[in-house]
Structure formats: structure tokens, C-alpha cells
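Engineer: What follows is a structure written as C-alpha cells; I'll ask about it next.
Nothing in this text is a laboratory measurement; each read-out follows from the coordinates by a stated rule. What you see is a predicted model, and the numbers here were worked out from it, not measured in a lab. Methodologically, a virtual Cβ is constructed for each residue, glycine included, from the backbone with ideal geometry; neighbour enumeration extends over all protein chains shown.
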Amino acid sequence: MFDKLAPLLFVLLWSSSFVAAKVGLLHLSPLLFVAIRLNACAAVLVLLMLVSGRSWAPLGNRRWLHCGLAGAALNAVGLMAPHIGLTLVPAAQIALVQSLTPLLTALLGVVLLREHLRPRQWLGLIFGMAGVGLVVGHAALHSPTRFAGLVLAFVGVLGLVTGTLYFGRFCRGVPLLAGATAQFAGAALVSAAGAWLLETPRVDWTGGTVAAVIWNTLMVSLGGMGLYSAMLARGTAARVSANFYLVPGTAALMAWALLGEDLSALSVAGLLVASAGCWLVGARQAAREAR
């Protein structure tokens, strides 16, 4: 049951984060938004560790450092750059660039984790990158500001991919709660430093801002990333990250319904081509594991 429901719930939660972030960023500077979110997550998890009486021993032998580095890449780098991008680019286009996550994860997983790609998956890589290239290329030709936002989204992808592969290599054996605590502690430190050094913080605590921070903290960062880590512990990096192929379309529909964002024909074409490519990457991997 977990294997069937967790990916769908993850997609809904991760897609909703783009919409919530757009609302919060109206009154909150992007790096401060991320720092508040990740430090709140770290505080909640440390409290859970203390209240539940869980042992810190599984984080010994420098496993705390490995989990912290994975978390810094996944959650800090993976969120900071795209949140800046969200101030420049529609949410659906940021989500589309993030569909590169399963493609790059699968490609690098071949080298770093000794996972294997079939011909169909290589075709999927080409389709996925072509779909993202449609939108990014159009932005590069017509709007330098939007192109910069999409480049920042790609920086976030690099953080997600690096964190995913690093987790798969060094953190699989760590219990979920202890590992997540170390991950968010590392991410909290990096995001706080980023907000302190790289921007002039701006905040206006409206109702929408508070709701956006709470939703992205509790439901997306704790709930969504908890699901992601649990799925990584049970499957290969390529298969788990392939769930991102549903995110761009879901986020686009949410942004259209809740934020009134429009999608051009080119953006829709990019979504379809990239989604098809990501599906080709993930479907063959899932079938092979099932056998």
C-alpha cells in the first residue's frame, strides 16, 4: 500500500509547494522564506527525537555529517535557488525545469550508484531534456529575466540530484527520524547563512504569508521530504526520483486554478514532452524492479 500511495501523495505535496511559495514570496524575501522553513523543520525534528527518546547512536561514525551534507544539498540548495527564481518566473516553468531531476539522477546513477539504463530510458532522457529545452530556449530568446530565473531553477535541480545520490550512497542505513534530523540541521545552517549573507531580509506577516510558511514547513518539507527519504530507502534513486515527472503538470494546473497563471502553447508542449521523457526513464526501472 505504501509503495502505491506514497508517490501520489508526494507529487501532490511537492506540486503544492510552488503555489504556496508564490503566495509567501509576495511578502517575504526568498532566502529568508527558506531559512525560516528549514530551521522550523530542524527544531521540530530535534524535539521529536528528544520526546520520543530515540537514540542518536545511528548517526555515529560521521554518519551525521553524511546526512547533514545530503540535507544541505537536497533542502538548502534545492530550495534557495528556485525560490529566488520564483520571483522572476511563473511557478509552472520552475516546476518544469525541476523535471530534470529524475533525468539527471538516472544518468548520474549509472556512474555513481552502478544503476543501469535501458535503451528506452536513454530515449526518455533525450525527450525530457528536449521538453525543458523548449521552454528554456524560448525564455533565453525573449526574456533575459525569465531565463535567469530558469537557470536558478536548474541550480536547485543540481542540489536535488546531488543530495539524492549522496543519500543513496551514504545514508540508506540510517533510521528515518535520526537521518531526517541531521539532514534538516545541515540544511538549516546553510539556509540561515545564505539569508544572512546574500540578501536584505524582507518580511510582512500577512495571513497568506503565515499560511504559506506553515504549509511548506509541515506538509512539504517534513511530510513530502519524509516520504521522499522513505521511498529512497526502499527503491533505487532513478525510480524514486521519477515521481518528479508528474510534478510540472500538477503544479501547472494548481497555479492556473489558484494563482491565475496562464500557460502558453509552447509551455504546454514542453510539459508534455518532458513528462513523456521522465515516464520512459521511470517506467522501465519500475518494471525491472517488480520482476
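Engineer: What length, rounded to one decimal in nm, is gained on full extension from LEU197 through to VAL110, with 0.36 nm per residue of separation minus their alpha-carbon distance?
Structural biologist: 27.7 nm
Engineer: So, one more: Ranking request for peptides 251-259, 38-46, 179-187: highest mean number of other beta-carbon atoms within 10 Å first, then the rest in descending order.
Structural biologist: Per-residue Cβ counts within 10 Å, averaged per peptide and sorted highest first, yield 179-187, 38-46, 251-259.
Engineer: What distance in nm separates the two pseudo spin-label positions at ALA276 and ASP262, each 7 Å out from Cα along the beta-carbon direction?
Structural biologist: 2.6
Engineer: How do TYR228, TYR166 line up, fewest other C-beta atoms within 10 Å first?
Structural biologist: The most exposed by this proxy come first: TYR166, TYR228.
Engineer: Here's another thing I want to ask about it. Show me 154-162, 53-61, 66-74 ranked by packing, highest mean number of other Cβ atoms within 10 Å first.
Structural biologist: Packing proxy ranking, top to bottom: 66-74, 154-162, 53-61.
Engineer: Shifting gears a bit: Taking amide hydrogens as modeled 1.01 Å from N in the peptide plane, which residues meet the under 5 Å criterion relative to GLU261, leaving out close sequence neighbours?
Structural biologist: TRP256
Engineer: How would GLU199, GLU261 line up from fewest to most surrounding beta-carbon atoms within 10 angstrom?
Structural biologist: With the fewest neighbours first, GLU199, GLU261 line up as GLU199, GLU261.
Engineer: Quick one: 3J(HN,Hα) in Hz for segment 58-74, Karplus 6.51/-1.76/1.60 with θ = phi - 60°, rounded, Gly and Pro as x.
Structural biologist: Listing the rounded values in order: x, 8, x, 6, 6, 5, 4, 5, 4, 5, x, 5, 4, x, 4, 6, 5 Hz.
Engineer: Using a 7 Å offset from Cα along Cα-Cβ at ARG62, what residues in segment 172-188 end up with backbone N under 20 Å from the label point?
Structural biologist: 172-175, 179-180, 182-187
Engineer: May I pose another question? Starting from the Cα of ILE214, move 7 Å in the Cα-to-Cβ direction to define the label point; list residues of segment 16-40 whose amide nitrogen is under 20 Å from there.
Structural biologist: Output list for this probe position: 16-29, 33-40.
Engineer: Based on other C-beta atoms within 10 Å, arrange SER221, SER191 from fewest to most.
Structural biologist: On the way: SER221 25, SER191 28.
In order of increasing Cβ crowding within 10 Å: SER221, SER191.
Engineer: Quick one: if the Förster radius is 45 Å, what FRET efficiency do VAL44 and SER143 give, using the C-beta to C-beta distance and rounding to 0.05?
Structural biologist: 0.70
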